[in-house]
Amino acid sequence: MSDLYKSGMSFTPVEASSLAESVISKCAELGLTIATAESTTGGLVGHLLVSIPGASKVFIGGITAYHGRPKINLLDIDRETLLDAGSVSHETAIKMAEGSLKQLDVDISVSESGIASATGNPERPGGLYALSLVRKSGAARSELLLFPGNRTETMYSACGTLFEWILEELGS
């Protein structure tokens, strides 16, 4: 394993859904709004959130930016950031979360950009994700994590991790 990233924890679809329910409940209790900026998960974080009754009080929306063009045009990421740091990087993940925070005017935004399938490159393996959480207050968190499993399994693990981060940020 690279020194650049850590091992991520696996989450099943049921576990990720349960965490999404806790996020909706806690944010509703605190009167907070959330948004997402997603790449590799293709909107799965948002899907899991809106599957929970009461999500409309909390989840404002998400921006799915699988390709570089929407990252630049919708999330205001500089082309140079994508070229210099790469799409799977702390810099890009933070800029994605900041972009959706600003565009959707919410209290908390989470983002992910990753490599869901095997690449043959040991420095950029399948399952590698850059995750980020930013708050309107300025607090930010970003990590590069390597999740085990196939394409779908790593996507649910990224979602579960982001939901855990939101709950940790809110003291749950």
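Which angle from 0 to 90°, rounded to the nearest 10, does the C-alpha axis of helix 90-104 make with the longest principal axis of the chain?
The helix 90-104 is inclined about 30 degrees to the chain.
Using the Cα centre as the reference, give the magnitude of the dipole from point charges on the C-beta atoms of the range 6-169 (Lys, Arg: +1; Asp, Glu: -1; all else neutral), rounded to the nearest 20 debye.
Value, rounded to 20: 220 debye.
Among Pro70, Leu146, Val110, whose Cα sits farthest toward the positive end of the charge dipole of the chain (+1 at Cβ of Lys/Arg, -1 at Cβ of Asp/Glu, about the Cα centre)?
Looking along the dipole axis, the top candidate is Pro70.
Reachable aspartates and glutamates from Lys102, Cα under 13 Å, same-chain residues fewer than 8 places away excluded?
The qualifying aspartates and glutamates are Asp76.
Using a Förster radius of 35 Å, what is the FRET efficiency between Glu123 and Ala28 based on their Cβ-Cβ separation? Nearest 0.05, please.
E(calc), rounded to 0.05, equals 0.25.
Just add up the charged neighbours of Lys26: K/R +1, D/E -1, any other residue whose Cβ is under 11 Å from the Cβ of Lys26.
-4
For the range 137-146, in order, what is each residue's ³J(HN,Hα) by Karplus, 6.51 cos²θ - 1.76 cosθ + 1.60 with θ = phi - 60°, in whole Hz (x at glycine and Pro)?
Residue by residue, the range 137-146 yields 5, x, 5, 9, 9, 8, 9, 9, 10, 10 Hz.
Which ³J(HN,Hα) values, rounded to whole Hz and listed in residue order, are derived for the range 25-31 from phi using the Karplus coefficients 6.51, -1.76 and 1.60 in 6.51 cos²θ - 1.76 cosθ + 1.60 with θ = phi - 60°, glycine and proline given as x?
4, 5, 5, 5, 4, 8, x
Over the range 1-87, what is the relative contact order in whole percent, taking alpha-carbon pairs under 8 Å and six or more residues apart?
That works out to 25 percent.
Under 12 Å from the Cβ of Tyr156, count the other residues' Cβ atoms, weight Lys and Arg +1, Asp and Glu -1, and hand me the total.
Every neighbour counted, the sum reads -2.
What angle, in degrees between 0 and 90 and rounded to the nearest 10, separates the Cα long axis of helix 151-169 from the longest principal axis of the Cα atoms of the chain?
Roughly 50 degrees between the two axes.
No value in this document is a laboratory result; all are computed from the given coordinates. As the structure is a computational prediction, the values presented were derived from the model and not from experiment. Every residue, glycine as well, gets a Cβ built from its backbone with ideal geometry; the counts of neighbours run over all protein chains shown.
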